[in-house]
Amino acid sequence: MSRRSWLAAICLVGALCAPAHAGERVMAEFFDASEGRNQRTPEVLPHVPLKAIVAEFLDPLDVGLGKSLSYLVWRETLTAISDQAGAGVILAEAPPGERLVDMLERDYHLAAERIARHQHGRMALWGAVEPEGDALIIEPYLSIQDVKGDSALRLALEGKVVTGPRRSAQAERQPLISAAIRRNRFNFAPVSRTRSELFERPIVITSRVAVRGAPQADAAVLEQVPAGRVLHAVDMQDAWFEVELPDGRHGFVHAGTFGNLQLPPRQVIADLGQVNLRGGPGTDHPVVAKRDLKGAFRVLDMRYREGKGLWYRIDTGAGDTWVAGWLVRPRFSLPVVHFLAGLYRYYGNRPQDGITAFEDFIRAAGDAEDHIVLATGYQLLGACRLLSNPKARRGYDDFTQALRHTPYDPDAYLLRSVAALGNRQAGKALDDLDRALQLDASYPPARELAATLAAVAGQGGVTPLAVATGLMNATRATTRLVEKYGIQVDTPSRPGGRRYR
């Protein structure tokens, strides 16, 4: 007997999965052989497939904030993706004794992207920081590196037909319906933070660490702190956390001691009723209070226990208690950390975690964020929702939110069109495609998508992709659309591959 079955699902192009996450540092060399000088920095984390580069932030006044911010973002990103296999974060900093601003005679973003390419990093994050009164003004930037000309931020629908005898069945792919999130450079809105909002936080010691009397590697050791202790950081100087010891003395711990310390978020947020708060990190500790958790809470400690998960010790205003990590959301210092974490989840094929990260980015960024960046955040959020559940209505609504921020963008309509097809709403999909073509009738991606939809609708019979998208009932509408814009379509009855003009 022959067997015929089908699959039509939202799929992510470029998903990755491999062994554990890691952190590493490299000295930044902002040149390459094309400039007459050889690149000397070797690739680090070569076996980690999904990597981002955090480059030292520009510090025009040369007060050490650029190094501090880069270490902080590096550390927070490591915390944000600590449970993701195959993910690594690399910090690129200026060599000792050199000022980054003196090294950069040309565009900084090109230098940061060059380092990312050399390290085979998928993402590059950098920025600039300046003091302004009692606050620090931070301008983050992020770029996504193309791989073979594709950033792999793509929403796609694909169908398969399985034919032939059960033992020798063959899968025949149907046409791919897709739209790309084409932006690969993001200028985030400036963020104002005080030093305490950035640097005052707990540091969890995971392996013996030396606290030194000055922010120097050869400074006298004030105390050797064993694993399991928590130090309270009050500030940063360059790459060093300034910490307050229990006896009131201040010392310094280098932020780059990867494996020796963990950096919890400064706060967690929650909107929950009647949560069990415990006397220690785990359900094997007694419940010491049961209360509503609504708002932001200062983190005092963070622990992961095998079989018990991640736990935070928080200040609830009525004593220190522990709450399960899955009940609360971390709030990192800058919205860009949430965005970067979301990209890790997206590329790492962890859409449910991506939903959380992009929701946190949108919540932290607010309406002050750059409208293009915010629109992309909603698009990535919608893509993650549809990856988790192709029929999710909220995923379509996220693309609608993106359009409210960039109604002039034909790609935003193309993405919502594919999302509508994932919800089997062919009429809405064709309306969005028509709007994209109204904005730019010659735009190749819009014309190609129109040709693809017409080809799927016009194949005749009940094909898997036509059924899954609702296009089987939209043959006349797709025909009118391609005729309206003079788009030529090849169907199976006219072999030779799809063409559009």
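The values are calculated or read from the model by the stated rules, or taken from the named source; none is laboratory data. Bear in mind the structure is a predicted one, so any value in this text is a computation, not a measurement. Reconstructed Cβ throughout: ideal geometry from the backbone, glycine too, with neighbour counts over all protein chains shown. Accessible surface areas use protein heavy atoms only, side chains included; no ligands, DNA or RNA. Shrake-Rupley method; radii C 1.70, N 1.55, O 1.52, S 1.80 Å.
Once C-alpha pairs closer than 8 Å and six or more residues apart are averaged by separation and normalised to the residue number of the range 286-390, the relative contact order reads 17 percent. What the Cβ-Cβ distance of Glu483 and Ala85 gives, at R0 = 45 Å and to the nearest 0.05, is a FRET efficiency of 0.35. Computed over the alpha-carbon pairs of the range 389-460, the distance histogram in 5 Å steps reads 3, 19, 27, 25, 17, 7, 2, 0 percent, short to long. Each part gets one Cα centre, and for the range 292-355 versus the range 48-100 those centres are 21 Å apart. Per residue, the accessible area of the range 398-446 comes to 36 Å², computed with a 1.4 Å probe over protein heavy atoms only. Largest to smallest in accessible area, the residues Asp360, Asp235 fall in the order Asp235, Asp360 (1.4 Å probe, all protein chains included). For the pair Ala219 and His109, label points projected 7 Å from Cα toward Cβ lie 3.7 nm apart. Using heavy atoms of the protein chains and a probe of 1.4 Å, the accessible area assigned to Tyr485 is about 40 Å².
Measure off, as a whole percent, the carbon and sulfur share of the 1.4 Å-probe accessible area of the range 174-299, all protein chains present. Can you show the working numbers first?
Numbers: 2610 of 5660 Å².
In the range 174-299, the share of accessible area belonging to carbon and sulfur is 46 percent.
All distinct Cα pairs of the range 204-357 go into the 1/r average, and the inverse of that average, the Kirkwood radius, is 17.2 Å.
Where does the range 177-277 land on the Kirkwood hydrodynamic radius, alpha-carbon pairs, in angstrom?
Values: mean 1/r = 0.0619 Å⁻¹.
Taking every pair of different Cα atoms in the range 177-277, averaging 1/r and inverting gives 16.2 Å.
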